[in-house]
Amino acid sequence: MSSLTKVAIVGASGYTGLELLRLIFMHPHAEVVAITSRAHAGENITDLFPRFSGHPGTDLQFIPPEIDKIVHSGATVAFLALPHGTAAPYASALLEKGLRVIDLSADFRLDDTAVYEDFYDHPHPAPELLKKGVFGLPEVHAEQIKKADLVASPGCYPTSIMLPLIPLLRKGLLELDSIVVSSMSGVSGAGRTASIPLIFAEVNESVRSYGMPRHRHLSEIEQELSKAAAETVTISFVPHLIPVTAGICTTTFAKLKGEFAEIAPALHAAYGDSPFVRLRGEGNSPDTKHVVGTNFLDIGWHHDLRTGRLILQSTEDNLGKGAAGQAVQSFNLMHEFSETAGLQNI
């Protein structure tokens, strides 16, 4: 009998689902036993994703996203790669059936139902589960993730913003009302659904901002930054779409409250032993080409002596550390596997 952990991926036909499939197929301790897609039910996975042809364990067919079919597969853990508002009913039903759930939507990231309704324009679909969900940022909440039955995996932009800032806010090194963030993301972050603003001719050779002045991810970003600072943090955040498939580059500006010399020790104390946060050092500007296709997040920092500002920079793969890779990292913690299992590709 197989000792591999049986995994279901609900919503497996999008970009995040594709990356989850790739990672779980390579995972030494996991086996994909169910993949769902309403549009592709009955099709072989290799018909939709020929890249998997010839690889062991990929002779699967998509099934409809029905709870009984997922449970019947024998899965003990389910990744939910579904839109916001759609994931919560699946999480509720699968938890009732005894599965552990890693949700990649925003449905369980927020503590406050009023904040959720304010940012997502509808009431929370399963408020009774909010206290059960653990915010799935492994470098910050590893111990809670290990014991969790429901993990709310963070968004791609929030991960790139929170990891550089949280250690500095915990140490009181920044002026809280001075934080301004500018991020650039590849087009895959918008999902795999056809949309005119995202077709090649619209995106190529162009850069544009969007989601201003209040991108939905601000809700989880400010929630977690406020916890780190132990008081309310409100930031300005401007995301941009750039003509690449994957990758996020985030630049954060903040006024120093402490000394610049304290920045490096704070970051090293927080992440010196973290397998997927690479501290590139003072004066370094990380490059997306060194993180795309990996689960790494790279951080560099600069001191603008003229303005007294700290400039933090981070890069990640929006589908990797910003989505599927981070979810698998939480999966590893939940099952007491090596945190790097299935994620050590370079």
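The values are calculated or read from the model by the stated rules, or taken from the named source; none is laboratory data. Keep in mind that this is a model prediction, so the values were computed, not measured. Cβ placement follows ideal geometry from the backbone for every residue including glycine, while neighbour counts extend to all protein chains displayed.
Couple of notes before you dig in:
- Selection of first residues in segment 118-135 that are within 14 Å of residue 100 (Cα to Cα) and of second residues that are in a loop (DSSP other than H, G, I, E, B) and hydrophobic (A, V, I, L, M, F, W, C), restricted to Cβ pairs under 7 Å at least 6 apart or on distinct chains, gives the following pairs, ordered by first then second residue: 129/108; 133/108; 134/148.
- Some residue of segment 176-198 being hydroxyl-bearing (Ser, Thr, Tyr), within 29 Å of residue 324 (Cβ to Cβ), surrounded by 13 or more Cβ atoms within 10 Å (Cβ to Cβ) and in contact with a Pro (Cβ under 6 Å, 6 or more places away or on another chain): yes
- When residue 59 is tested against (1) among the acidic types (Asp, Glu); (2) farther than 29 Å from residue 127 by Cβ; (3) in a helix (DSSP H, G or I), only condition (3) is not met.
- Test: residue in segment 229-249 that is of a type in the set (Phe, Trp, Tyr) and more than 24 Å from residue 195 (Cβ to Cβ): no
- Test for residue 66: is it over 28 Å from residue 116 (Cβ atoms) and either among the hydroxyl-bearing types (Ser, Thr, Tyr) or at pLDDT 90 or above (or both): no
- Contact annotation: residue pairs with Cβ atoms under 7 Å, 6 or more positions apart or on different chains, pairing a residue in segment 65-77 that is over 16 Å from residue 40 (Cβ atoms) with a partner that is at pLDDT 95 or above and part of a helix (DSSP H, G or I), are 67/93; 67/94; 77/331.
- Taken as a whole, the structure places residue 149 among residues that are closer than 17 Å to residue 335 by Cβ, surrounded by fewer than 21 Cβ atoms within 10 Å (Cβ to Cβ) and in contact with a strand residue (DSSP E or B) (Cβ under 8 Å, 6 or more places away or on another chain).
- Pair list, Cβ < 6 Å and 6+ apart or interchain, from segment 89-104 residues that are surrounded by fewer than 24 Cβ atoms within 10 Å (Cβ to Cβ) to residues that are of a type outside the set (S, T, N, Q) and not in a strand (DSSP E or B): 92/126; 93/67; 97/71; 100/149
- Neighbours by Cβ (under 7 Å, 6+ apart or cross-chain): first from segment 235-254, closer than 15 Å to residue 320 by Cα; second of a type in the set (Phe, Trp, Tyr) and surrounded by fewer than 16 Cβ atoms within 10 Å (Cβ to Cβ): none
- Filter result for residue 140 (farther than 30 Å from residue 308 by Cβ and aliphatic (A, V, I, L, M)): no
- Matching residues, segment 228-270, being in a helix (DSSP H, G or I), touching a Leu at 6+ places or on another chain (Cβ under 9 Å) and under 28 Å from residue 134 (Cβ atoms): 228, 229, 266, 267, 268, 270
- Evaluation of residue 343 against the conditions (1) exposed (fewer than 14 other Cβ atoms within 10 Å of the Cβ); (2) not assigned by TED's automatic domain parsing to the domain that holds residue 218 shows that the sole unmet condition is (1).
- Candidate set: segment 199-217, residues that are out of contact with any strand residue (DSSP E or B) (no Cβ under 8 Å at 6 or more places or on another chain) and in a helix (DSSP H, G or I); chosen: the one surrounded by the most Cβ atoms within 10 Å (Cβ to Cβ): 202
- Residues of segment 71-100 satisfying the condition of being in contact with a strand residue (DSSP E or B) (Cβ under 9 Å, 6 or more places away or on another chain) and in a loop (DSSP other than H, G, I, E, B): 73, 74, 75, 76, 81, 82, 86, 99
- Given (1) surrounded by fewer than 23 Cβ atoms within 10 Å (Cβ to Cβ); (2) of a type outside the set (Asp, Glu); (3) in contact with a Ser or Thr (Cβ under 6 Å, 6 or more places away or on another chain), index of the condition residue 283 fails: (3)
- Any hit, segment 139-150, residues being in a helix (DSSP H, G or I), modelled with pLDDT under 95 and touching a Ser or Thr at 6+ places or on another chain (Cβ under 6 Å): no
- Filtered residue count, segment 252-273, keeping only those that are buried (at least 16 other Cβ atoms within 10 Å of the Cβ) and out of contact with any Gly (no Cβ under 8 Å at 6 or more places or on another chain): 9
- Test: residue in segment 291-305 that is of a type in the set (Val, Ile, Thr), touching an Asp or Glu at 6+ places or on another chain (Cβ under 6 Å) and either surrounded by 24 or more Cβ atoms within 10 Å (Cβ to Cβ) or at pLDDT below 95 (or both): yes
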